[in-house]
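Colleague: Could you have a look at this structure, given as structure tokens, before my questions?
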């Protein structure tokens, strides 16, 4: 199934907000068996929305729209879609009452500005929003399915998973299977060299991509044949298994946490230039209090000496950014915070 994607927002065009929605949708549509064939980002304008809808290539059976479903004056997506679908919205009293009850439980009141989020189409359908107030919309115009969801990433993802992706799966002939092998501690070039013989023997219809990012290098396998993916993943694991920390959406901090918990070990961190980022990543994992003792951010040399007992002579001779200083920081934070491991 070919998909047209329209992302709406003046903030996207101005560069104030990075369009992560488009990337996420493209990836998950592909996994569901579809393909984003055409994508356009436009401003918050009824005219631009109408023009974009008219510009969708004829080969696209489904249109996905994100953004512009909020309660403010610049949220014009719903109005534009009602016009395009020649539909007239009606006020959904039951949904409005439900929204008010949800907010009252948090001692909040819903302003009248939000009443437009309780409108619903007569010809089309609404898409439930389990994590927000703005429901999505679904119309069929000229045999094309048009889905509109909020631009808030969390809300968009929930509604895509519950409604739109299942529709794509049901109406796509060739499901694309994707497996991401996540590695760390090895450069892209070195990893590619170790896997060169596997890449050379890769059969047609199966692709391997090397994707370097913050925590390491991902190896992404994709094919319409799930068994081929499994076989290739096993070959890669047997070749570079010691560098693999997870698969697909696994995070490095999750894997580290599981390893520490499994061995009943605790860890403390000593940071300088990272400014607490490592501690932040570790504590983003639910249950990290069972193994993370705490950390010391020693940005200045004075704090390295006073809080972490780093030798003055080591700092003078080797500098703050050196293996010698880092070793003392790791060893000493373990002692200072009484942890099994120091990082």
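Colleague: Among the residues of region 73-89, are any under 23 Å from the mean Cα position of the chain (by Cα) and farther than 29 Å from residue 178 by Cβ?
Modeller: No - not one qualifying residue is present in region 73-89.
Colleague: Could you grab me the full set of residues in region 1-19 that are in contact with a helix residue (DSSP H, G or I) (Cβ under 6 Å, 6 or more places away or on another chain) and surrounded by fewer than 21 Cβ atoms within 10 Å (Cβ to Cβ)?
Modeller: Residues satisfying the conditions are 1, 17, 19.
Colleague: Consider region 238-264. How many of its residues are within 28 Å of residue 285 (Cβ to Cβ) and over 25 Å from the mean Cα position of the chain (by Cα)?
Modeller: 8
Colleague: So how many residues does region 113-126 have that are surrounded by fewer than 18 Cβ atoms within 10 Å (Cβ to Cβ), under 30 Å from the mean Cα position of the chain (by Cα) and farther than 16 Å from residue 96 by Cβ?
Modeller: Counting residues in region 113-126 that are surrounded by fewer than 18 Cβ atoms within 10 Å (Cβ to Cβ), under 30 Å from the mean Cα position of the chain (by Cα) and farther than 16 Å from residue 96 by Cβ gives 1.
Colleague: Next question. State which residue is surrounded by the most Cβ atoms within 10 Å (Cβ to Cβ) when the search covers only region 48-65 and only residues that are touching a helix residue (DSSP H, G or I) at 6+ places or on another chain (Cβ under 7 Å) and free of Cβ contacts under 8 Å to residues at least 60 places away in the same chain.
Modeller: Applying the filter and picking the extreme gives 49.
To keep it simple, each residue is scored yes or no on (1) surrounded by fewer than 18 Cβ atoms within 10 Å (Cβ to Cβ); (2) touching a helix residue (DSSP H, G or I) at 6+ places or on another chain (Cβ under 9 Å); (3) farther than 30 Å from residue 60 by Cα.
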position: 185; (1), (2), (3): yes, yes, yes
position: 203; (1), (2), (3): yes, yes, no
position: 216; (1), (2), (3): no, yes, yes
position: 269; (1), (2), (3): no, yes, yes
position: 282; (1), (2), (3): no, yes, yes
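Colleague: While we're on this one: Just one of (1) modelled with pLDDT under 95; (2) surrounded by fewer than 21 Cβ atoms within 10 Å (Cβ to Cβ); (3) closer than 24 Å to residue 167 by Cα trips up residue 32, so point out which.
Modeller: It is condition (2) that residue 32 fails.
Colleague: Next question. Is it the case, given these coordinates, that residue 38 is over 27 Å from residue 133 (Cβ atoms), surrounded by fewer than 19 Cβ atoms within 10 Å (Cβ to Cβ) and at pLDDT 95 or above?
Modeller: So residue 38 passes the test.
Colleague: Mind listing just one residue for me: the one in region 66-112 that is touching a helix residue (DSSP H, G or I) at 6+ places or on another chain (Cβ under 9 Å) and at positive phi and, of those, surrounded by the fewest Cβ atoms within 10 Å (Cβ to Cβ)?
Modeller: 67
Colleague: Restricting to region 233-242, and then to whatever is in contact with a helix residue (DSSP H, G or I) (Cβ under 8 Å, 6 or more places away or on another chain) and touching a residue at least 40 places away in the same chain (Cβ under 8 Å), can you tell me which residue is surrounded by the most Cβ atoms within 10 Å (Cβ to Cβ)?
Modeller: 236
Colleague: To continue, here is another question. Return the residues of region 281-297 that are assigned to a strand (DSSP E or B) and under 13 Å from residue 260 (Cβ atoms); say none if nothing qualifies.
Modeller: 292, 293
Colleague: Follow-up question, since we're still on this one. Within region 85-96, can one find any residue that is in the same structural domain as residue 139 (by TED's automatic domain parsing) and touching a residue at least 60 places away in the same chain (Cβ under 8 Å)?
Modeller: Yes: region 85-96 contains one or more residues that are in the same structural domain as residue 139 (by TED's automatic domain parsing) and touching a residue at least 60 places away in the same chain (Cβ under 8 Å).
Colleague: Assuming residue 169 fulfils every condition listed in (1) part of a loop (DSSP other than H, G, I, E, B); (2) surrounded by 12 or more Cβ atoms within 10 Å (Cβ to Cβ); (3) within 29 Å of the chain's Cα centre (by Cα) apart from one, which condition is it?
Modeller: Result: residue 169 passes all but (1).
Colleague: Right, something else. What are the residues in region 288-343 that are under 26 Å from residue 254 (Cβ atoms) and in contact with a helix residue (DSSP H, G or I) (Cβ under 7 Å, 6 or more places away or on another chain), if any?
Modeller: Those that are under 26 Å from residue 254 (Cβ atoms) and in contact with a helix residue (DSSP H, G or I) (Cβ under 7 Å, 6 or more places away or on another chain): 288, 290, 291, 292, 295, 296, 329, 333, 341, 342, 343.
Colleague: Tell me which residues, restricted to region 128-158, are under 19 Å from residue 9 (Cα atoms) and assigned to a helix (DSSP H, G or I).
Modeller: 153, 154, 155, 156, 157
The values are calculated or read from the model by the stated rules, or taken from the named source; none is laboratory data. Everything quoted here is computed from the prediction, not taken from an experiment. Every residue, glycine among them, receives a Cβ derived from its backbone with ideal geometry; neighbour counts consider all protein chains shown.
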